[in-house]
Amino acid sequence: MGEKINYHKNYTWYFLLIILILNIALDQISKYIVRIEISDYEHIVLIKDFFTLTKVENSGAFLSLGDNMPYIFRLIILTGLPLLFLAYGLFYLFSKPNLPGSMQIALCFLIGGGLGNLYDRIVHGSVTDFMHMDFHIFQTGVFNIADISIMIGVGILLIQSFFRPIKKTEPTTEIPEPKTENEKVH
């Protein structure tokens, strides 16, 4: 009579796709607004002495690491490798339907944030960062929505690792039988 449709699996895929798309869309919309409305290095205070907007174009990686590398190395390390990892992440996410739900959601945040920043790097040649927080005892670097998505994904994975049940292995009480002459290999 035909193939039985697994509606639960389909809804899970749609849910995961929505999370991915929302991560990428929120990141790209926010960066689009910042590129139009905020000048480079303009400083806009949103919450006094705590939260500011400062537009920075980052051609390096996290905290501008690799910014001074030759172009070909930046292309390979900051575009090629992330592209491979994100492609594998997407493959892993959608080819392993039995992953715990929290891991699937975490991967969506990680991949969505990674794709948002990778898109910037490919299309604009740099990643637009624009948020900065000062906690008085330490400050963040300038970051964006994609970075927040990545940190949420990492946070979910860390929390999951703390609550994952520890598999206990039962000690074996069997004593192996000694091998006979015929079983020994010469």
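The values are calculated or read from the model by the stated rules, or taken from the named source; none is laboratory data. It should be emphasised that the depicted structure is a prediction, and the values quoted were computed from it without experimental measurement. For neighbour counting, all protein chains shown are included, and Cβ atoms are generated from backbone atoms with ideal geometry for every residue, glycine included.
Within the set of pairs 6+ apart or on separate chains, which have a first residue in the stretch 42-53 that is over 12 Å from M133 (Cβ atoms), a second that is charged (D, E, K, R) and surrounded by 13 or more Cβ atoms within 10 Å (Cβ to Cβ), and C-beta atoms under 7 Å apart?
E42/K55
From L81, L75, L22, grab the single residue that is modelled with pLDDT under 80 and assigned to a helix (DSSP H, G or I).
Exactly one of L81, L75, L22 is modelled with pLDDT under 80 and assigned to a helix (DSSP H, G or I), namely L75.
With the condition kept exactly as written, say whether any residue in the stretch 129-136 is modelled with pLDDT under 95 and assigned to a helix (DSSP H, G or I).
no
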